[in-house]
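Below is one structure; the comments refer to it alone.
The values are calculated or read from the model by the stated rules, or taken from the named source; none is laboratory data. What you are looking at is a predicted structure, and each value in this text was computed from that prediction instead of being measured. Backbone-built Cβ (ideal geometry, glycine too); neighbour counts: all protein chains shown.
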Amino acid sequence: MTSTVDIANYALNSLGANNISSFEENSKPARLINQRFDSVRDSVFRAHPWNCLLRRAELAKESDSPPFGYANQFALPTNPYCLRVLEFSNGNLSYPQDNMFSNTGGPVFVIEGRKLLSDEGVAKIKYVARVTDPQEYDANLIDTLAAAIAFEVSYAITGSNTVKQMMAAEYSDKLKQAAFVDGTEGAPQRLEASEFIESRF
């Protein structure tokens, strides 16, 4: 069964580094992984609508309204934690991720902090969840997450910009492969530009 340490070791092995036994051990690779794992994981999760991470929820409308702009506000899910909203429904009409506009032409909702703001009185969403148990990850997600971690720690481990560029290409390839596979499992999802890669060049 794959663990977070296994995923970290897949990344380290691709860089020619030794395995770690835990994130807390006193070694440079473990310290690097421990510092970066959670943020890299969340970035990878947000970069693609992974089928294995999708969840649905009906949000609770809060008693307080936004000061202006929208009539209602809803708290985003915390269990599991919502990382990215993909679809919105008011109970009758659903808005897919590439067409979330109301009849007036404005966004049917916006995300501000941990709130979803909308004029609709009902908010049902499909979202990418922060799933922390690797047992729920599919093989493509595991491979892509390992490639992203390898990219993130590559220079600190190897001191080579060439290796870093190779790891960036590997991560990009894994993400594209995952998009293709997910597309064959259901209705195709639009692949967004990866903020993880873009933010690091």
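What to note about this one:
- Residues of segment 152-183 satisfying the condition of being of a type in the set (Gly, Ala, Ser) and either within 23 Å of the chain's Cα centre (by Cα) or closer than 18 Å to Phe37 by Cα (or both): Ser154, Ala156, Ala168, Ala169, Ser172, Ala178, Ala179, Gly183
- Some residue of segment 32-55 being surrounded by 12 or more Cβ atoms within 10 Å (Cβ to Cβ) and more than 21 Å from the chain's Cα centre (by Cα): no
- The combined condition, being touching a residue at least 12 places away in the same chain (Cβ under 8 Å), in contact with a Pro (Cβ under 7 Å, 6 or more places away or on another chain) and either more than 28 Å from Ile20 (Cα to Cα) or surrounded by 20 or more Cβ atoms within 10 Å (Cβ to Cβ) (or both), is fulfilled by Val131.
- Of the criteria (1) in a strand (DSSP E or B); (2) surrounded by fewer than 18 Cβ atoms within 10 Å (Cβ to Cβ); (3) polar (S, T, N, Q), which one Asn19 fails: (1)
- Only listed residue being surrounded by fewer than 18 Cβ atoms within 10 Å (Cβ to Cβ) and modelled with pLDDT of 85 or more, chosen from Gly105, Gly113: Gly113
- Restricting segment 177-188 to residues that are out of contact with any helix residue (DSSP H, G or I) (no Cβ under 6 Å at 6 or more places or on another chain) and surrounded by 13 or more Cβ atoms within 10 Å (Cβ to Cβ), the residue that is modelled with the lowest pLDDT: Gly183
- The lone exception for Asn92 - which of (1) of a type outside the set (Asp, Glu); (2) modelled with pLDDT under 95; (3) exposed (fewer than 15 other Cβ atoms within 10 Å of the Cβ); (4) in a strand (DSSP E or B) it fails: (4)
- Residue in segment 1-16 that is over 25 Å from the mean Cα position of the chain (by Cα) and at pLDDT 95 or above present: yes
- Within segment 1-43, the set of residues being closer than 19 Å to Leu141 by Cβ and of a type in the set (Asp, Glu) comprises Asp6, Asp38, Asp42.
- Test result for Leu86, assigned to a helix (DSSP H, G or I) and not aromatic (Phe, Trp, Tyr): no
- The set of residues from segment 35-86 being in contact (Cβ under 8 Å) with a residue 40 or more places away in the chain, of a type in the set (Ser, Thr, Tyr) and more than 22 Å from Lys176 (Cα to Cα) comprises Tyr70, Tyr81.
- Residue check, Phe74 under 30 Å from Lys164 (Cβ atoms) and modelled with pLDDT of 95 or more: no
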